[in-house]
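See structure below.
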Amino acid sequence: MSLLRRWFDPIRSSWFYQKPIRQTVLSTDQGLSIYLRLDDVYSYLAVQQLPQLEEILVDELKPLKVVISNQAASPPNEMSALEWQNYCLNDAKILSKQHRFSFDETPQQPTTEALEQAETILKNTPLRGQDFLYLLEDVFHMLWQKQYGKLRTLYAMAKYHHKPQNFPERVFNYQPVLMSYFEIGGRQYHAVDDLLRLTRRLKQQKLFTDNPIFLINHIDWREHLISDAEELNEIQSLNPELDLYIALEDPISWLLLAYIKEELANYYNIQFRIYPLSYQGRDLFDWSLATRLSKRTEVEFTPFCRPTEQASIKMAQLFYSVPEEQQLEAMYSILQAVWTDGKDLSYLPHFNALMKELEIDTLSSIDVLEKLEENDQHCEMKSQPNFPVLELRVDGQNFVFNSLYRVWMIESIFSNVLEERYKSESSIEGE
């Protein structure tokens, strides 16, 4: 980093967060599209929202364009196809329970024969608009709930009584799709995780005819699912533990760590531990998205000083040079210096200033690289597709999840634990 940037970045970081964000108006020239795969479980959840979504779209976005691919993209984070499949099925079960999607308790991937039959049904049907979207939802139900008898009946009708249709709003192709997503104005939105963000954006641009009501059990930032004093005390008494594995060059690590520390840790009496990872090379980010997330989480963030590999090692060196009981506060200060104040910790004056702030007299002699590799190995064993990785332990149960999109699971898990305990107590009293 140049000397000019080292001097200037901390200054411009001080006013960046306060600057209003001007959102680009998304173009509607290409309409609104959703990309699906019949064997993608997230697509199954997504199609359950489509009839309701299209019903409130303005005419210029109708009909909703449906793109169905039969080609899966490579799994993320070097996961095997089987690891990714198992992760998706488990994650979809969690999402369906939280957001009240229809879903089988023991989901299985549809058979190849069933997928081929479903594609023929959807290619040949003359239905359009909402009628097609309802059929699409029904077909997904048949696939994922193993209603293969119904599917064969529809397939026979489609094969012998209809021919392939050619509608511009219905496309079948081989474009690799990892998981279902919406696209508008050149921007992509995950079909489940980003649904509320998409609907807020469409409402902002006056592209709805009515108020969008989706994912009604969504827990918004800085809103608590548990507010009853007695229930809160019960969760606190369980002394929940949370391990957080973070890539130091990842801005989402800062947003997530700061949010959990400021909003959840003390509130629920969470014993919070940090495990920094070696440099993961997470160089490609949607910086505007990270900035908008910082506004929603109320965590200050500036994009000027993403750590290099050398800087990441220096950050870890500071972290492991404070006593274990002070490491959470230390990591908060380290990431804040980088992501809010624009400090470059590979630059000795910045490093020494933070070392003094953390009251570190002598740097630890620990082999930092070896420690980071050890954390990498433990994190890899969690088989998660994204960072940061979180592991929550409460009431004898263990839960592993990942990314900023799953922070709501902490409070959802607490709520479910209380519900299970109350049911167990009622059962004992009834005996």
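Residue 319: in contact (Cβ under 8 Å) with a residue 24 or more places away in the chain and closer than 16 Å to residue 369 by Cα, yes or no?
It is true that residue 319 is in contact (Cβ under 8 Å) with a residue 24 or more places away in the chain and closer than 16 Å to residue 369 by Cα.
Would you mention how many residues in the stretch 172-216 are at positive phi and either modelled with pLDDT of 95 or more or surrounded by 15 or more Cβ atoms within 10 Å (Cβ to Cβ) (or both)?
The total comes to 3.
Does residue 235 meet the test of being within 26 Å of the chain's Cα centre (by Cα), modelled with pLDDT of 95 or more, in the same structural domain as residue 408 (by TED's automatic domain parsing) and closer than 26 Å to residue 406 by Cα?
yes
Could you grab the pairs with beta carbons closer than 6 Å, sequence gap of 6+ or different chains, first residue in the stretch 143-171 and without any contact (Cβ under 8 Å) to a residue 24 or more places away in the chain and surrounded by 13 or more Cβ atoms within 10 Å (Cβ to Cβ), second one among the hydrophobic types (A, V, I, L, M, F, W, C) and part of a helix (DSSP H, G or I)?
Correct list of pairs: 150/142.
Taking into account only those residues within the stretch 321-347 that are of a type in the set (Phe, Trp, Tyr) and surrounded by fewer than 19 Cβ atoms within 10 Å (Cβ to Cβ), which is modelled with the lowest pLDDT?
347
With respect to residue 418, determine if the residue is farther than 30 Å from residue 178 by Cα, of a type outside the set (D, E, K, R) and buried (at least 16 other Cβ atoms within 10 Å of the Cβ).
yes
What are the pairs, 6+ residues apart or on separate chains, where a residue within the stretch 292-311 that is on the phi > 0 side of the Ramachandran plot has its Cβ under 7 Å from a residue that is part of a loop (DSSP other than H, G, I, E, B) and exposed (fewer than 15 other Cβ atoms within 10 Å of the Cβ)?
That search, which allows pairs on different chains as well, returns 298/222.
Filter the stretch 244-281 for residues that are in contact (Cβ under 8 Å) with a residue 60 or more places away in the chain and among the basic types (Lys, Arg) and give the result.
Scanning the stretch 244-281 gives a single hit, 261.
Between 358, 348, which is free of Cβ contacts under 8 Å to residues at least 40 places away in the same chain and among the aliphatic types (A, V, I, L, M)?
348
Can you tell me how many residues in the stretch 33-72 are part of a loop (DSSP other than H, G, I, E, B) and in contact with a helix residue (DSSP H, G or I) (Cβ under 8 Å, 6 or more places away or on another chain)?
Residues that pass the stated criteria total 9.
Identify, please: which residue in the stretch 51-85 is in contact (Cβ under 8 Å) with a residue 12 or more places away in the chain and over 30 Å from residue 129 (Cα atoms) and is, among those, surrounded by the most Cβ atoms within 10 Å (Cβ to Cβ)?
The extreme case among them is 84.
Got a sec? Which helices (runs of 4 or more DSSP H) wholly within the stretch 316-431 have at least 3 residues that are within 30 Å of residue 91 (Cα to Cα) and in contact with a helix residue (DSSP H, G or I) (Cβ under 8 Å, 6 or more places away or on another chain)?
Where helices (runs of 4 or more DSSP H) fall fully within the stretch 316-431 and carry at least 3 residues being within 30 Å of residue 91 (Cα to Cα) and in contact with a helix residue (DSSP H, G or I) (Cβ under 8 Å, 6 or more places away or on another chain), they are 327-339, 408-430.
Considering only residues of the stretch 361-372 that are surrounded by fewer than 17 Cβ atoms within 10 Å (Cβ to Cβ) and free of Cβ contacts under 8 Å to residues at least 60 places away in the same chain, which is farthest from residue 316 (Cα to Cα)?
361
Has the stretch 179-192 got any residue that is part of a helix (DSSP H, G or I), under 22 Å from residue 40 (Cβ atoms) and of a type in the set (Val, Ile, Thr)?
No: zero hits.
I need every pair where a residue in the stretch 373-384 that is farther than 12 Å from residue 243 by Cβ has its Cβ under 6 Å from the Cβ of a residue that is part of a helix (DSSP H, G or I), sequence separation at least 6 or different chains.
Taking only residues 6 or more apart or on different chains, the pairs are 383/83.
Is it true that some residue in the stretch 95-108 is under 30 Å from residue 280 (Cα atoms) and not hydroxyl-bearing (Ser, Thr, Tyr)?
Within the stretch 95-108, one or more residues are under 30 Å from residue 280 (Cα atoms) and not hydroxyl-bearing (Ser, Thr, Tyr).
Among 316, 247, which is the only one that is under 30 Å from residue 364 (Cβ atoms) and under 20 Å from the mean Cα position of the chain (by Cα)?
Residue meeting the stated conditions: 247.
Yes or no: the stretch 24-33 includes at least one residue that is crowded, with 21+ Cβ neighbours inside 10 Å and closer than 21 Å to residue 95 by Cβ.
There is no residue in the stretch 24-33 that is crowded, with 21+ Cβ neighbours inside 10 Å and closer than 21 Å to residue 95 by Cβ.
The values are calculated or read from the model by the stated rules, or taken from the named source; none is laboratory data. From a predicted model like this one, the values you see are computed outputs, not experimental measurements. Every residue, glycine as well, gets a Cβ built from its backbone with ideal geometry; the counts of neighbours run over all protein chains shown.
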